[in-house]
Amino acid sequence: MATIRNAPPTAHGRTYTASSLKEVAFPLGGIGTGTVSLGGRGQLRDWEIFNRPAKGKNLPCTFFALWCRPEGEAPIARILERRLLPPFVADRGLSPWAVSGLPRLEEARFRGTYPVAEIAFADGTLPLEVELEAFTPFTPFDDRTSGMPVAIFLWRLRNPGPRAIEATLVYSQLNPIGYDGVEELRRGRRHPMFGGNLNRWSSEDGMRGIRMSR
(Lines give C-alpha, C1' and ligand atoms only; values in the text may rest on other atoms or scores of the structure.)
Protein backbone atom coordinates (compact mmCIF):
# COMPACT_ATOMS: atom_id res chain seq x y z
CA MET A 1 0.00 0.00 0.00
CA ALA A 2 1.43 3.37 -1.03
CA THR A 3 0.94 6.27 1.35
CA ILE A 4 1.62 9.98 1.12
CA ARG A 5 1.27 12.26 4.12
CA ASN A 6 0.18 15.88 4.15
CA ALA A 7 3.10 18.27 4.42
CA PRO A 8 3.12 21.64 6.20
CA PRO A 9 2.92 24.85 4.17
CA THR A 10 6.15 25.89 2.46
CA ALA A 11 7.32 28.75 0.31
CA HIS A 12 6.03 26.74 -2.64
CA GLY A 13 2.50 26.39 -1.28
CA ARG A 14 0.48 23.92 0.75
CA THR A 15 0.23 20.24 -0.19
CA TYR A 16 -2.95 18.18 -0.27
CA THR A 17 -3.66 14.46 -0.29
CA ALA A 18 -6.41 11.92 0.49
CA SER A 19 -9.91 13.43 0.88
CA SER A 20 -8.57 17.01 0.58
CA LEU A 21 -7.94 16.37 -3.12
CA LYS A 22 -11.68 16.53 -3.84
CA GLU A 23 -11.74 20.30 -3.40
CA VAL A 24 -8.75 21.17 -5.60
CA ALA A 25 -9.36 22.81 -8.99
CA PHE A 26 -6.22 24.55 -10.30
CA PRO A 27 -6.97 26.79 -13.34
CA LEU A 28 -4.91 26.38 -16.51
CA GLY A 29 -5.29 28.72 -19.47
CA GLY A 30 -4.18 32.15 -20.58
CA ILE A 31 -5.74 35.34 -19.24
CA GLY A 32 -9.02 35.95 -21.04
CA THR A 33 -8.83 32.67 -22.99
CA GLY A 34 -10.94 30.36 -20.83
CA THR A 35 -9.63 27.63 -18.58
CA VAL A 36 -9.58 23.96 -17.78
CA SER A 37 -8.82 23.02 -14.19
CA LEU A 38 -6.44 20.36 -12.94
CA GLY A 39 -8.15 18.48 -10.13
CA GLY A 40 -6.31 17.29 -7.04
CA ARG A 41 -6.45 13.67 -8.22
CA GLY A 42 -4.83 14.62 -11.54
CA GLN A 43 -8.11 14.72 -13.48
CA LEU A 44 -9.10 17.50 -15.87
CA ARG A 45 -12.29 19.22 -14.76
CA ASP A 46 -14.38 22.37 -15.21
CA TRP A 47 -13.87 22.87 -18.95
CA GLU A 48 -14.63 26.58 -19.34
CA ILE A 49 -13.67 27.10 -22.98
CA PHE A 50 -17.18 27.54 -24.37
CA ASN A 51 -17.70 31.26 -23.72
CA ARG A 52 -19.60 30.70 -20.49
CA PRO A 53 -19.03 29.56 -16.90
CA ALA A 54 -18.92 25.76 -16.78
CA LYS A 55 -18.04 24.63 -13.27
CA GLY A 56 -18.64 20.90 -12.99
CA LYS A 57 -18.62 20.36 -16.77
CA ASN A 58 -16.27 17.54 -17.73
CA LEU A 59 -15.37 16.07 -21.12
CA PRO A 60 -16.07 12.34 -21.50
CA CYS A 61 -13.16 9.97 -22.14
CA THR A 62 -10.58 12.67 -21.43
CA PHE A 63 -7.56 11.55 -19.40
CA PHE A 64 -3.85 10.74 -19.36
CA ALA A 65 -2.82 7.09 -19.11
CA LEU A 66 0.34 5.03 -18.72
CA TRP A 67 1.29 1.61 -20.10
CA CYS A 68 4.52 0.08 -18.86
CA ARG A 69 6.21 -3.32 -18.89
CA PRO A 70 9.20 -4.22 -16.75
CA GLU A 71 11.66 -6.53 -18.46
CA GLY A 72 10.46 -10.11 -18.12
CA GLU A 73 7.11 -9.22 -16.53
CA ALA A 74 3.52 -8.64 -17.58
CA PRO A 75 2.49 -5.12 -18.68
CA ILE A 76 0.63 -2.71 -16.39
CA ALA A 77 -1.80 0.01 -17.49
CA ARG A 78 -3.24 2.80 -15.34
CA ILE A 79 -5.23 5.99 -15.73
CA LEU A 80 -2.85 8.68 -14.44
CA GLU A 81 -5.18 9.88 -11.72
CA ARG A 82 -5.59 9.09 -8.05
CA ARG A 83 -8.45 6.66 -7.38
CA LEU A 84 -11.94 8.14 -7.17
CA LEU A 85 -12.89 9.46 -3.75
CA PRO A 86 -16.16 8.63 -1.97
CA PRO A 87 -19.02 9.21 -1.61
CA PHE A 88 -19.80 7.57 -4.94
CA VAL A 89 -23.10 9.32 -5.54
CA ALA A 90 -24.86 10.58 -8.64
CA ASP A 91 -28.50 10.67 -9.68
CA ARG A 92 -27.87 7.95 -12.30
CA GLY A 93 -24.70 6.42 -10.95
CA LEU A 94 -21.18 7.09 -12.17
CA SER A 95 -21.10 7.84 -15.88
CA PRO A 96 -19.49 5.16 -18.07
CA TRP A 97 -18.04 8.02 -20.12
CA ALA A 98 -15.92 8.97 -17.11
CA VAL A 99 -14.28 5.50 -17.41
CA SER A 100 -14.73 5.16 -13.66
CA GLY A 101 -14.08 1.42 -13.77
CA LEU A 102 -10.58 1.62 -15.21
CA PRO A 103 -7.68 1.20 -12.73
CA ARG A 104 -6.10 4.30 -11.28
CA LEU A 105 -3.27 5.01 -8.85
CA GLU A 106 -3.44 4.55 -5.09
CA GLU A 107 -2.53 8.02 -3.88
CA ALA A 108 -1.45 11.50 -4.97
CA ARG A 109 0.08 14.56 -3.37
CA PHE A 110 -0.92 17.91 -4.90
CA ARG A 111 1.05 21.12 -4.47
CA GLY A 112 0.24 24.32 -6.32
CA THR A 113 1.22 27.96 -6.37
CA TYR A 114 -0.13 29.82 -9.38
CA PRO A 115 0.79 29.44 -12.19
CA VAL A 116 2.45 26.03 -11.49
CA ALA A 117 0.85 22.89 -10.06
CA GLU A 118 2.72 19.68 -9.15
CA ILE A 119 1.34 16.21 -8.44
CA ALA A 120 3.38 13.27 -7.15
CA PHE A 121 1.63 9.89 -7.55
CA ALA A 122 2.22 6.72 -5.55
CA ASP A 123 1.15 3.15 -6.23
CA GLY A 124 2.62 -0.02 -4.78
CA THR A 125 1.97 -1.99 -7.99
CA LEU A 126 3.56 0.53 -10.36
CA PRO A 127 7.28 -0.01 -11.13
CA LEU A 128 7.77 3.65 -12.09
CA GLU A 129 7.71 6.87 -10.07
CA VAL A 130 5.32 9.34 -11.70
CA GLU A 131 5.16 13.11 -11.30
CA LEU A 132 3.25 15.83 -13.16
CA GLU A 133 4.05 19.52 -13.51
CA ALA A 134 1.26 21.57 -15.11
CA PHE A 135 1.27 25.28 -15.86
CA THR A 136 0.25 28.11 -18.14
CA PRO A 137 2.84 30.55 -19.54
CA PHE A 138 2.50 33.61 -17.33
CA THR A 139 4.79 36.63 -17.26
CA PRO A 140 3.87 39.80 -15.35
CA PHE A 141 3.38 42.80 -17.68
CA ASP A 142 3.62 40.57 -20.78
CA ASP A 143 0.10 40.28 -22.14
CA ARG A 144 1.11 38.25 -25.21
CA THR A 145 2.76 35.46 -23.22
CA SER A 146 0.20 35.54 -20.43
CA GLY A 147 -2.70 35.45 -22.88
CA MET A 148 -1.68 32.30 -24.75
CA PRO A 149 -4.59 29.80 -24.83
CA VAL A 150 -2.53 26.80 -23.70
CA ALA A 151 -2.08 24.41 -20.81
CA ILE A 152 1.26 22.61 -20.54
CA PHE A 153 1.69 19.19 -18.91
CA LEU A 154 5.19 17.89 -18.19
CA TRP A 155 5.23 14.25 -17.10
CA ARG A 156 8.27 12.76 -15.40
CA LEU A 157 8.74 8.98 -15.24
CA ARG A 158 11.57 7.58 -13.15
CA ASN A 159 12.69 3.98 -12.97
CA PRO A 160 14.03 3.38 -9.42
CA GLY A 161 14.99 -0.24 -10.06
CA PRO A 162 17.78 -2.07 -11.90
CA ARG A 163 15.66 -3.60 -14.68
CA ALA A 164 14.72 -1.81 -17.89
CA ILE A 165 11.07 -0.71 -18.22
CA GLU A 166 9.30 -0.05 -21.49
CA ALA A 167 6.74 2.74 -21.09
CA THR A 168 4.22 4.69 -23.16
CA LEU A 169 2.26 7.72 -21.96
CA VAL A 170 -0.90 8.64 -23.84
CA TYR A 171 -3.62 11.29 -23.75
CA SER A 172 -7.26 10.78 -24.68
CA GLN A 173 -9.63 13.71 -25.28
CA LEU A 174 -13.10 14.13 -26.68
CA ASN A 175 -13.33 16.48 -29.66
CA PRO A 176 -15.68 19.04 -28.04
CA ILE A 177 -16.50 21.17 -31.08
CA GLY A 178 -20.26 21.70 -31.13
CA TYR A 179 -20.66 21.52 -27.35
CA ASP A 180 -22.46 24.51 -25.83
CA GLY A 181 -21.02 24.18 -22.33
CA VAL A 182 -24.50 23.72 -20.86
CA GLU A 183 -25.86 20.27 -21.73
CA GLU A 184 -24.91 17.23 -19.68
CA LEU A 185 -22.85 14.91 -21.89
CA ARG A 186 -24.48 11.73 -20.62
CA ARG A 187 -24.23 10.18 -24.08
CA GLY A 188 -20.58 11.05 -24.49
CA ARG A 189 -19.45 11.58 -28.04
CA ARG A 190 -22.80 10.25 -29.24
CA HIS A 191 -24.58 13.39 -28.05
CA PRO A 192 -26.70 15.05 -30.81
CA MET A 193 -24.56 18.22 -30.60
CA PHE A 194 -21.65 16.32 -32.16
CA GLY A 195 -21.61 15.42 -35.82
CA GLY A 196 -18.97 15.54 -38.52
CA ASN A 197 -16.24 16.20 -35.95
CA LEU A 198 -12.81 15.49 -37.41
CA ASN A 199 -9.49 14.67 -35.70
CA ARG A 200 -6.55 15.10 -38.06
CA TRP A 201 -2.80 14.72 -37.53
CA SER A 202 -0.98 18.01 -38.09
CA SER A 203 2.73 18.79 -38.32
CA GLU A 204 3.78 22.35 -39.17
CA ASP A 205 6.02 25.16 -37.89
CA GLY A 206 7.84 22.81 -35.52
CA MET A 207 4.62 21.68 -33.82
CA ARG A 208 2.96 18.27 -34.07
CA GLY A 209 -0.39 17.11 -32.77
CA ILE A 210 -4.06 16.48 -33.37
CA ARG A 211 -6.07 19.27 -35.00
CA MET A 212 -9.72 19.05 -33.97
CA SER A 213 -12.25 20.49 -36.37
CA ARG A 214 -15.77 19.98 -37.66
Practice item. Read through the list (1) touching a residue at least 24 places away in the same chain (Cβ under 8 Å); (2) loosely packed, with under 14 Cβ neighbours inside 10 Å; (3) assigned to a loop (DSSP other than H, G, I, E, B), then give the number of the only condition that residue 84 fails. Key: (2)
Review point. Within the range 38-73, can you find the residues that are closer than 30 Å to residue 158 by Cα, among the small types (Gly, Ala, Ser) and crowded, with 17+ Cβ neighbours inside 10 Å?
Key: 39, 40, 42, 65
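Among residues belonging to the range 121-141 that are of a type in the set (Gly, Ala, Ser) and over 13 Å from the mean Cα position of the chain (by Cα), point out the one that is least open to solvent (accessible area, probe 1.4 Å). Full working, then the answer.
Step one: list which residues in the range 121-141 are of a type in the set (Gly, Ala, Ser), which gives 122, 124, 134.
So of that shortlist, the ones also over 13 Å from the mean Cα position of the chain (by Cα) come out as 122, 124.
Details: 122: 22, 124: 61 Å².
Among them, the one singled out is 122.
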Exercise for review: Kindly list the number of the only condition in (1) under 22 Å from residue 47 (Cβ atoms); (2) exposed (fewer than 11 other Cβ atoms within 10 Å of the Cβ); (3) of a type in the set (Lys, Arg) that fails for residue 163.
Suggested key: (1)
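For the range 152-196, give me the residue count where each residue is under 23 Å from residue 119 (Cα atoms) and in a loop (DSSP other than H, G, I, E, B).
Residues of the range 152-196 under 23 Å from residue 119 (Cα atoms): 152-161, 165-173.
Then keep just the ones that are in a loop (DSSP other than H, G, I, E, B); that gives 159-161, 173.
So the count comes out to 4.
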Review point. Going by the conditions given, is residue 106 open to solvent by 50 Å² or more (accessible area, probe 1.4 Å) and either farther than 24 Å from residue 15 by Cβ or not β-branched (Val, Ile, Thr) (or both)?
Key: no
Review point. When residues of the range 166-189 are filtered for being of a type outside the set (A, V, I, L, M, F, W, C), under 20 Å from residue 35 (Cβ atoms) and in contact with a helix residue (DSSP H, G or I) (Cβ under 8 Å, 6 or more places away or on another chain), how many remain?
Key: 1
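The values are calculated or read from the model by the stated rules, or taken from the named source; none is laboratory data. If you're wondering where the values come from, they're calculated on a predicted model, not measured in any experiment. Every residue, glycine as well, gets a Cβ built from its backbone with ideal geometry; the counts of neighbours run over all protein chains shown. Please note that ligands, DNA and RNA were not included when accessible areas were found on the heavy atoms of the full protein model with its side chains. Shrake-Rupley method; radii C 1.70, N 1.55, O 1.52, S 1.80 Å.
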